[in-house]
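Enquirer: Got a structure for you, written out below as structure tokens; questions coming shortly.
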Amino acid sequence: VISLGGVVVSESIKTAGDKFDEALTKYCRKKFNILIGERTAEKIKMEIGCLFPMEEKASVDVKGRCLMTGLPRVFTITTDEVMEAFDECATTIIEGVHSVLERTPPELGADVMRSGIYLTGGMSQLTGLDQYVAAETGIPAQVARNPLDCAALGAGYLASNLELLGRIGKNHPLTE
């Protein structure tokens, strides 16, 4: 939670795109008895990955190696199955969001309720993440305008704005 040019409450979790790919690989191994690679898992995530039920269901044919025969095999995975695979990772993210919200001062909590939660980074582009966060927190959520670059752009702005940098202070994580 950022207010008046500084970080008020923060938390870092180790769940991002790679963890979602790993979850998908484990899911395919367990459910279909098929081994898929990292690139295949990422391709599935990018093509039909979602965290919130979609009106229009989608599926994709996937190539992998059957663990029983050792031979290549093609199978079909659906958006609902991908959501199931992502469940544990999504829960970890929501637990992090809840942890930050619980530690947010009440005055700022009211501002967050009004302004909403802004999602940034590559995973913010996962279909339905904003809807999922909003449903799980009861707070409006939206993907930032430029989610891949906004953190770097903000750091660049901070570096060029010495007055703001001075207000944040030398012992702040942003200035270390």
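The values are calculated or read from the model by the stated rules, or taken from the named source; none is laboratory data. Owing to the predicted nature of the structure, the values given are computational and were not obtained by experimental measurement. Cβ coordinates were reconstructed from backbone atoms using ideal geometry, including for glycine residues, and neighbour counts include every protein chain displayed. Surface accessibility is based on the protein's heavy atoms, side chains included, excluding ligands, DNA and RNA. Shrake-Rupley method; radii C 1.70, N 1.55, O 1.52, S 1.80 Å.
Enquirer: For a quick check of your reading of the model, give me the residue pairs whose first member lies in region 142-160 and is among the aromatic types (F, W, Y), whose second is open to solvent by less than 80 Å² (accessible area, probe 1.4 Å), with beta-carbon atoms closer than 9 Å and at least 6 apart or on different chains.
Expert: Once the first residue is among the aromatic types (F, W, Y) and sits in region 142-160, its partners that are open to solvent by less than 80 Å² (accessible area, probe 1.4 Å) give Y157/L164.
Enquirer: Next question. Considering only region 110-120, state which residues are surrounded by 16 or more Cβ atoms within 10 Å (Cβ to Cβ) and out of contact with any strand residue (DSSP E or B) (no Cβ under 7 Å at 6 or more places or on another chain).
Expert: V112, T120
Enquirer: Among the residues of region 14-51, write down those that are open to solvent by less than 60 Å² (accessible area, probe 1.4 Å) and not in a helix (DSSP H, G or I).
Expert: Those that are open to solvent by less than 60 Å² (accessible area, probe 1.4 Å) and not in a helix (DSSP H, G or I): T15, A16, N33, I34, L35, I36, G37, G49, C50, L51.
Enquirer: Exactly one condition in (1) open to solvent by less than 30 Å² (accessible area, probe 1.4 Å); (2) at pLDDT 90 or above is not met by E88; state its number.
Expert: Of the numbered conditions (1) open to solvent by less than 30 Å² (accessible area, probe 1.4 Å); (2) at pLDDT 90 or above, the odd one out for E88 is (1).
Enquirer: Just a yes or no: is a residue in region 82-101 under 18 Å from M54 (Cα atoms) and in contact with a Ser or Thr (Cβ under 6 Å, 6 or more places away or on another chain)?
Expert: No, there is no match, as no residue in region 82-101 is under 18 Å from M54 (Cα atoms) and in contact with a Ser or Thr (Cβ under 6 Å, 6 or more places away or on another chain).
Enquirer: Select from region 132-150 the residues that are of a type in the set (A, V, I, L, M) and closer than 18 Å to A90 by Cα and write down the one among them that is farthest from the chain's Cα centre (by Cα).
Expert: Ranking the qualifying residues of region 132-150, first place goes to I139.
Enquirer: Additional query: Under 30 Å from G109 (Cβ atoms), open to solvent by less than 60 Å² (accessible area, probe 1.4 Å) and small (G, A, S), is that true of A58?
Expert: The answer is no for A58.
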